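Report on one structure; see the data block that follows.
The values are calculated or read from the model by the stated rules, or taken from the named source; none is laboratory data. For clarity, every value in this text was computed on a predicted model and none was experimentally measured. All Cβ positions, even for glycine, are placed from backbone atoms using ideal geometry, and neighbour counts span all protein chains on display. SASA here: full protein model, heavy atoms, side chains in, ligands and nucleic acids out. Shrake-Rupley method; radii C 1.70, N 1.55, O 1.52, S 1.80 Å.
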Amino acid sequence: MRIVILGTGAGGGLPQWNCGCPNCDAAREGRIPSMSQSGIAISADGENWALVNASPDLRNQLAASPVLRPGALRGSPILSVLVTNGDIDHVAGLLTLREGQPFDLFATPAIHAVLAANPMLSALNPKLVQRREIALDRPFELVKGLTAELFSVPGKVPLYLEGDVVETGRMGEETVGVELSAAGRRVLYVPGCAFVPDWLRTRISGADALLLDGTLWTDDEMIRAGLGVKTGRRMGHVPVSGPDGSMSLLADVQVQRRIYVHLNNSNPLVDPASPERAHAEAAGWQVGHDGMEIMP
Ligand code: MLT
Ligand code: MN
Ligand code: ZN
């Protein structure tokens, strides 16, 4: 299995266009690596590829990925696209894929309903782009040789669909994790998750790789930094640190390789020289970077 992390950032990326926080400035000045928005590419054979999530930065991400270049005058090794929720950072890139190229678009029925309600996405020609509804907990072939299974994780509806009362940590079809397997290898990709329940620890156990929601280091970091009014949990993201954080809750769960993805620009982990990064690495975690390739 080959996985390329196309984008490691959360919504907004690093630097975020309207953010003057120390991390965004450091990225602007080239002192720390920039991060484009969240998504991966995956293949069982190195020839047939699927995207999981399509970020607003997709065009640049594809241009920067040698394995995803067309092999003919017109064409693409990308045969499938799967989205794990309806968030803008995971679906806006679908508009980048509108140039008359056939592919299958996979999502749960609830996420497909959100996509179908957006008239702009009818730019994806239905004769070429097959929208495939995938039930939870049922394995399917995502792309040649690669099996995927969607499972519900604690989350919420997309920000633009939030009403007056928002149920966070909701288990439904709106936010899913994906288990990917090929040739006896098993990888979990969970870029959004509001907390880590016991059953998720069990599901992760024994995996060859875990790519997990690393949005925030602490639940209230955006509030304390003066960058926002919401906690991470309110946004549907479990923090990395602390007793209820993902690092501590997964400390005794056996997994070959553990990598944080979907990092917000407020997270101190985005700075390779930060003490928090050293702490996470000492706990066995890696922080993803754009273009990072792993072969589980
Ligand atoms: C999130 O991950 O919380 C969302 O992508 C936020 C957003 O839609 O900008
Ligand atoms: Mn996001
Ligand atoms: Zn910032």
*Can you give me the number of residues within segment 180-222 that are in contact with an Asp or Glu (Cβ under 6 Å, 6 or more places away or on another chain), in contact (Cβ under 8 Å) with a residue 60 or more places away in the chain and part of a loop (DSSP other than H, G, I, E, B)?*
2
*asked:* Need the failing condition index for Gly177 against (1) under 23 Å from Gly288 (Cα atoms); (2) out of contact with any Cys (no Cβ under 9 Å at 6 or more places or on another chain); (3) of a type in the set (Gly, Ala, Ser); (4) not in a helix (DSSP H, G or I), just the number.
replied: (2)
*asked:* Tell me whether segment 64-83 contains one or more residues that are within 16 Å of ligand 2 (Cβ to nearest atom), within 21 Å of Glu133 (Cβ to Cβ) and modelled with pLDDT of 95 or more.
replied: yes
_Can you pull out every residue in segment 102-136 that is more than 14 Å from Glu174 (Cβ to Cβ) and within 19 Å of the chain's Cα centre (by Cα)?_
Asp104, Leu105, Phe106
*Check segment 209-226 and report whether any residue there is within 15 Å of ligand 2 (Cβ to nearest atom) and among the β-branched types (Val, Ile, Thr).*
yes
*Could you say which residue among Val229, Val240 is assigned to a loop (DSSP other than H, G, I, E, B), closer than 20 Å to Ile40 by Cβ and either away from ligand 1 (no atom under 13 Å from the Cβ) or touching a Pro at 6+ places or on another chain (Cβ under 9 Å) (or both)?*
Val240
*How about segment 16-33: which of its residues are open to solvent by 30 Å² or more (accessible area, probe 1.4 Å) and either within 16 Å of ligand 2 (Cβ to nearest atom) or under 30 Å from Leu180 (Cα atoms) (or both)?*
Gln16, Trp17, Pro33
*For segment 34-47, what are the residues that are surrounded by 22 or more Cβ atoms within 10 Å (Cβ to Cβ), polar (S, T, N, Q) and away from ligand 1 (no atom under 16 Å from the Cβ)?*
Ser43
*asked:* So, in segment 205-220, how many residues would count as being closer than 30 Å to Met1 by Cα, among the β-branched types (Val, Ile, Thr) and surrounded by fewer than 24 Cβ atoms within 10 Å (Cβ to Cβ)?
replied: 0
*Hey, among the residues in segment 221-265 that are within 16 Å of ligand 3 (Cβ to nearest atom) and touching a Lys or Arg at 6+ places or on another chain (Cβ under 9 Å), which one's most open to solvent (accessible area, probe 1.4 Å)?*
Ile223
*Please go through segment 1-15 and pick out each residue that is open to solvent by less than 20 Å² (accessible area, probe 1.4 Å) and within 16 Å of ligand 2 (Cβ to nearest atom).*
Ile5, Leu6, Gly7, Thr8, Gly9, Ala10, Gly13, Leu14
